[in-house]
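Values in this text are rule-based calculations from the coordinates and carry no lab data. Not measured: the values here are computed from a predicted model. So basically every Cβ, Gly included, is an ideal-geometry build from the backbone, and we count neighbours across all protein chains shown.
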Amino acid sequence: MNTIEQQLWDYIDGNLDDSSKKAIEEKIALDAEVKAQYEDLLKLNLAFNGMDLDEPSMSFTRNVMESVALAPAPVAMKTKVDKKIIYSIGGFFVVSLLALLSYVFYHANLEMPQFDLKVNFDFNLEKYITSTAIYAFLFADLVIGLIFLDQFLRKKIAQK
Amino acid sequence: MEQKLTDLELIQKVLNGETDQYALLVKRHQRFVFTLALRFSKNREDAEEIAQDCFVKAYKALGAFKQTAKFSTWLYTITYTTAMTFLRKNRLDTTSIHDESTILQLENQTSSFNANGYERQDSHAFLNIAITQLSPDDAAIITLFYKGEQSLEEIGEALHMEPNTIKVKLHRARQRLKEKLQYLLKDEVKELL
């Protein structure tokens, strides 16, 4: 439903993008009927802008103030903390933990100890569980963790 | 000359213990809140009660007001919910614009104006009569848009609707208001506006 009248109202309200604005301006310039309709709507818009507001009784403010005097004085919520501070603290801990983990893994000897199993496996474990495989596993965990963190933060932003 | 304090500055003063400053906020917004309440209740006494209740609620919740939005938008949201609760509780007659009695009422008003020779009454008076004949939602949207200095998004927030819904409703409300004015003023509408 996008009648010419709606387009004209959108034009008057300034809700049109550049191309639609240009299109409606052309219609107004070329079509006398559209131009007349536009002028009528402009007058109507002016009249709507001039509508009066009603006045409550003289004692309105006093009545409100008498009512609020009985209520406890409002105070700013104590939980009102700048979110940037929370994110900064959170970020600091995440970075610290990651740095610590990186340090530990960098200095740790991730080579698998020699197994002395009597069970005869059909495959060689040492061949598969290498330090590279463990690094890859940890890297995948990190990526998954970051994806979850990203989703969590996006949800939080969307909820605002 | 003392500089006029903004809404947020006044709120801060109230939260800091200067509760009498709330009277300035009330005075600043009472006409609009009252008008909005009147759009829903269609009755001055009820509108006054709704508006008063709304300011008391706003005062009590002032500490929870997120100062990232406009105070007026927040206040109009409270007005809307208070008015809705009031209407539900009191089951007030929110006359539809398609209602036969509305048309009858309009007819009487028109004839009384003509009978008294007020053919060139102030256009504002006619407009206000036409607005009272709209449905509460239409009247509230028109009032919020033209007198509340609210964007479509802010009106949506106040009335718990999507901005696009508000846009469509605003179009329809203006159309209906135009029809009401045309009905009320017959051929004089263009002349008067």
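Structural remarks
- Once the C-beta distance of A:PHE139 and A:SER96 is scaled by a Förster radius of 22 Å, the resulting FRET efficiency is 0.65 to the nearest 0.05.
- Proximal lysines to B:LYS66, defined as alpha-carbon separation beneath 21 angstrom and excluding residues fewer than eight positions away on the same chain: A:LYS78, A:LYS80, A:LYS83, A:LYS84, A:LYS155, A:LYS156, A:LYS160, B:LYS13, B:LYS57
- Gap separating the Cα centres of region B:150-190 and region B:9-83, nearest whole Å: 24
- For region A:58-74, 3J(HN,Hα) per residue [Karplus equation, 6.51 cos²θ - 1.76 cosθ + 1.60, θ = phi - 60°, Hz, x = Gly/Pro]: 4, 8, 4, 4, 4, 4, 5, 5, 5, 5, 6, 5, 7, 8, x, 4, x
- Taking a Cβ cut-off of under 13 Å around B:ALA47, the surrounding Lys, Arg, Asp and Glu residues balance to a net charge of -3, with basic ones at +1 and acidic ones at -1.
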